[in-house]
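Have a look at the structure below, then the notes.
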Amino acid sequence: MTEASTHHIRFTLNGSEVSADVKANDTLLNVLREQLGYTGTKRGCETGECGACTVLVDGKAVNACLILAPKVDGRAIQTIEGLAKGAELHPLQKAFIEEGALQCGFCGPGMLMSAKALLDEIPNPTEDQVRRGISGNICRCTGYAKIVKAIMKASRQMARVGGEGA
Amino acid sequence: MKKRGRGMACMYYPLGFTSYPNPSAAFAKYNPDGSATVLTGAQDIGQGSGTVLAQIAADTLGIPYDRISLIYGDTQAVPMDAGSVASRVTYIAGNAVKKACEQAKSILLDVAADMLGVLPHGLDVADGWVYLKDFPEKRVAIADVAKTAEVGRGRPAQGHGTYNPATTLLDKETGHGKPYEAFVYAAQVAEVEVDTETGEVEVLKIYAVHDCGKAINPMMVEGQIEGGIAMGIGYGLTENLVIEKGHVLNPQLANYIVPTALDVPPIESAIVEIPEPKGPFGAKGIGEPSLLPTAPAILNAIYDAVGVRIRDLPATPEKILAELEKLEKEKAK
């Protein structure tokens, strides 16, 4: 069936409704970067090994290069572009800057999305849990030390802000 | 059985090669609003050279860091640079930026001296002001001096600088000579745990002490050390490019194993600042030196833990098991 090669999909992207016409074999990564212009999600190995393309699908960290676009129909996608609230950076982004957790920065967007998924699930992780949480994201230049430190710092800050709100 | 061991390795590393020309060039100008523009050919590839060069410029020009606009990356617009290689950028490009800024500053001080009715050598710059060294209350804003220099005197406060460590060819007969201008030193200690049944090595901790001259940005020096150590762990234990008849047989991250956050242990690093007289503000460099001692420290730690010497990198479980077996056979004799 020729019409089966194209799918009209709708999903929420960083809270807004979007729709796109995608091919059955299009990856979410391609649709985000090439069709919708969300280039914050990085194209790394394209085989699910490096984690540079990590986005959240219904709150769960996935490699956007491995998920077919038709599969995200009706689901909620979060990318690095949706992490800050307007001009207000997310505590993770602030902590990454303060701790010098980015060097070349290529792993940054994926690293931050994995960290967000981790803190959403485990708000006060141990260092080992943080390392496990980002173990699917390869960084070639920082040695991870400052990334781990930044995620721990953000978790403490988010706990404090959350505590004040309660 | 899991056995623990500790190993150490030291290194020295040369910076600023002199066996052939090694130049960096820069341009700097004060702007009439009190900011400054600095052009450098040195490319920031994530190591933070842009930050370091802007810090050097800010300190030399006497204006705040956030008022420096550093321009790089466009070869049509920026001066020449030999490249972001050889751990040379802070040292060589830093010197070029400093010289360019010093030239701009000397014009600024000339004009300010004229405005204040004093001699230029009695003046200095800091925090956006030109001030009299013996009487700091007597001062004039850099913005005003820069404006006067341009509009009133027709002498824009700008400068250019080139740094090229004196080229000294090596003796063709003996190969002797002085191939580098400066050297850095470091020592690292690795603590490992070796599984004698599987041959697997877990790195538990790395201690790293590095001399980099004056650390212009200590946090970024630490970042370079930590990144180098991660590469050193890969070099020592997992990374192995397999080439057969011109083909790379493991071109993927699934079979060319780069350390993940779980493979890199906590790192404790310390910086030893031995100022280099020829470096900008005494700085030398840190990039490549950070990864050099890691693999030999790990190999020494493996020897300390289980008594086998691995002489072929990476030290894979297969190689360690083979050596352990040899050791057992020798003991049985």
Q: Could you please rank A:Glu127, B:Glu239, placing first whichever residue has the fewest other Cβ atoms within 10 Å of its Cβ?
A: A:Glu127, B:Glu239
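So if R0 is 22 Å, what FRET efficiency would B:Asp33 and A:Glu88 give, r being the distance between their Cβ atoms, rounded to the nearest 0.05?
So, using R0 = 22 Å, E works out to roughly 0.15.
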Q: Give B:Lys205/B:Lys278; B:Lys178/B:Lys205; B:Lys178/B:Lys245; B:Lys205/B:Lys284; B:Lys2/B:Lys333 a once-over and call out the pairs whose C-alpha atoms are over 30 Å from each other.
A: B:Lys205/B:Lys278; B:Lys178/B:Lys205; B:Lys178/B:Lys245
Q | Most positive-pole-ward Cα, B:Cys101, B:Ala36, B:Gly154, against dipole of chain B from beta carbon charges | A | B:Gly154
Q: Report relative contact order for the stretch A:91-161 in percent, whole number only (criteria: Cα-Cα under 8 Å, sequence separation at least 6).
A: 51
Q. Given H placed on each backbone N at 1.01 Å, which residues far from A:His7 in sequence or on other chains put an amide H within less than 5 Å of it?
A. A:Val22, A:Lys23, A:Ala24
**Q.** 20 Å binning of all Cα-Cα separations within chain B, expressed as whole percents from 0 upward
**A.** 27, 44, 22, 7, 0
Q: Counting helices only, and only those DSSP H runs with n ≥ 4, report the 222 nm mean residue ellipticity of the protein assembly as shown as the sum of -39,500 (n - 2.57) divided by its residues, in deg cm²/dmol to the nearest 500.
A: -9000 deg cm²/dmol
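Give the average over all directions of the projected area of the C-alpha convex hull of the stretch A:91-161, one decimal, in nm².
If you wrap the Cα atoms of the stretch A:91-161 in a convex hull and average its projections, you get 4.0 nm².
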Q: With r as the distance between the Cβ atoms of B:Glu197 and B:Ile274 and R0 = 45 Å, compute the FRET efficiency 1/(1 + (r/R0)^6) and round to 0.05.
A: 0.50
Q) Which angle between 0 and 90 degrees, to the nearest 10, do you get for helix A:145-165 versus the longest principal axis of chain A when only C-alpha atoms count? A) 90
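To make sure I understand, if each residue's beta carbon is the centre and we count other beta carbons within 10 Å, what order do B:Ser35, A:Ser114, A:Ser5, A:Ser135 fall in, fewest to most? Mind dumping the intermediate values first?
Working: B:Ser35 19, A:Ser114 26, A:Ser5 10, A:Ser135 15.
Exposure proxy ranking, most exposed first: A:Ser5, A:Ser135, B:Ser35, A:Ser114.
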**Q.** B:Ser84 long-range amide H proximity, modeled H, under 5 Å
**A.** B:Gln43
(Q) I want to make sure I understand the PRE zone here: with the label point 7 angstrom from the Cα of B:Arg6 toward its beta carbon, which residues in the stretch B:203-219 have backbone N atoms less than 16 Å away? (A) B:203-209
**Q.** the stretch A:2-82: radius of gyration over Cα atoms, expressed as a fraction of 2.2 N^0.38 Å
**A.** 0.99
(Q) How large is the convex hull of the C-alpha atoms of chain A per residue, in Å³? (A) 116
Q: Please give, to one decimal in nm, the separation of the simple spin-label points placed at B:Gln76 and B:Asn255, each 7 Å out from Cα toward the Cβ.
A: 4.4
Q. Beyond 34 Å, what percent of the Cα pairs of the protein assembly as shown remain?
A. 51
Q: Starting from the alpha-carbon convex hull of the stretch B:24-180, give the projected area averaged over all orientations, in nm².
A: 11.1
Q. Could you give me the ³J(HN,Hα) list for the stretch B:231-244, computed from phi with Karplus coefficients 6.51, -1.76, 1.60 and θ = phi - 60°, whole Hz, x at Gly and Pro?
A. 5, x, 5, x, 4, x, 10, 10, 7, 8, 7, 9, 10, 9
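Read the figures in this text as sums done on the coordinates, not as results from a lab. None of these values were measured; they are calculated from a predicted model. Reconstructed Cβ throughout: ideal geometry from the backbone, glycine too, with neighbour counts over all protein chains shown.
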